[in-house]
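Values in this text are rule-based calculations from the coordinates and carry no lab data. Note that the structure is predicted; figures quoted are calculated from it, not measured. Every residue, glycine among them, receives a Cβ derived from its backbone with ideal geometry; neighbour counts consider all protein chains shown.
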Amino acid sequence: MDKGFIKLSRSFFDNKIWQAARAFSECEAWIDLIQAARFEASPTTSRIGCYEVTWERGQYPASNRFLAKKWGRSEQWVKSFLGKLKREKMITTDNSQGINVITLVNFEKYNGEVMENPPNNPPCNSPNQLIDGNLQELVTHLVTQQVTHLLKEQPTSNPNNKKEENIKETTPNGVAKKDAAKAATLTRKNSFYQSLVPYVGKYPKDMIRAFFDYWSELNKSETKMRYEFEKTWELPKRLATWARKERMPAKPATDIGVVLNNNSPDKYDSPQERKWEERWNK
């Protein structure tokens, strides 16, 4: 079949089959662009880094560096892949807002109307996400490949399992796993940044930036941010505490203006003082 659509729930992209650490193929990267593009009809505006970026349905703001980490690829690979999509007239890009915004040319086609139900089939709910029928074979291949990969990684009773796991960490698959973890951390870091945007009017921008820089600091493996190690976390309360601490005056490093206990004129009329005065007047 080369016509029609297949339904693919958005929850698929949160499944461990899709989240498995790997270097994305061109097919996987293309599917990721489709699912990551804005689905809602209304445009949205958000701060990304130091830029206010607006994007609409079928668009996705993402730098080559971000996509490289997300897909476990080099920036050169991402640049080459996006260039190929542009030559095929599958996407367009625009960086006039300071951030590269990718537009999927046929996004409406990939999310087209649901076909009428056959007479003998009961009606079904409208899908959240549809993929063009010509990708069906590639998606099926991808799912099969990832399921096979996960089954091979299932633990067994072999006492050497721990040793094998340690070996895996030093192989290309182990490297890809770490890259995927770093990409996931970067995504969470961006979400943390977005959660601070509503507070910019309530607190100074410099304070919000300092708060973000401190709490988003990564650990050595770049898999967790500082705030993720906290046992409790309520953002409004943390911001209020941070603001109070910034308003506290700093304690002077040295004592300035010390009051003397005895500052009377008689103190300077001692025999020693008179002796020095006589020498000075000679």
Can you list residues whose amide H is under 5 Å from Ile91's amide H, if they're 5+ apart or on another chain and H is modeled 1.01 Å from N?
Lys86, Val105
What shape does segment 1-91 take by its C-alpha gyration tensor, where a ≥ b ≥ c are the square roots of the eigenvalues and a/c under 1.5 counts as rounded, a/b above b/c as prolate, and the rest as oblate?
rounded
Obtain the nm distance between the two label points defined at Val197 and Thr54 by a simple spin-label model: each point lies 7 Å from its Cα along the Cα-to-C-beta direction.
1.3
Greater than 21 Å separation of Cα atoms is the criterion. Which listed pairs, Lys7/Lys189; Lys70/Lys220; Lys89/Lys177; Lys7/Lys70, meet it?
Lys7/Lys189; Lys89/Lys177; Lys7/Lys70
Using label points projected 7 Å from each Cα along Cα→Cβ, tell me how many nm separate Cys27 and Lys237, to one decimal.
5.0
Starting at the first residue of segment 32-49, write each ³J(HN,Hα) from the Karplus equation 6.51 cos²θ - 1.76 cosθ + 1.60 with θ = phi - 60°, in whole Hz, x for Gly and Pro.
5, 5, 5, 6, 7, 5, 5, 9, 5, 6, 7, x, 9, 10, 8, 8, 10, x
Would you mind checking segment 49-81 for residues with the amide N under 17 Å from a putative spin-label position 7 Å along Cα→C-beta of Arg209?
49-53
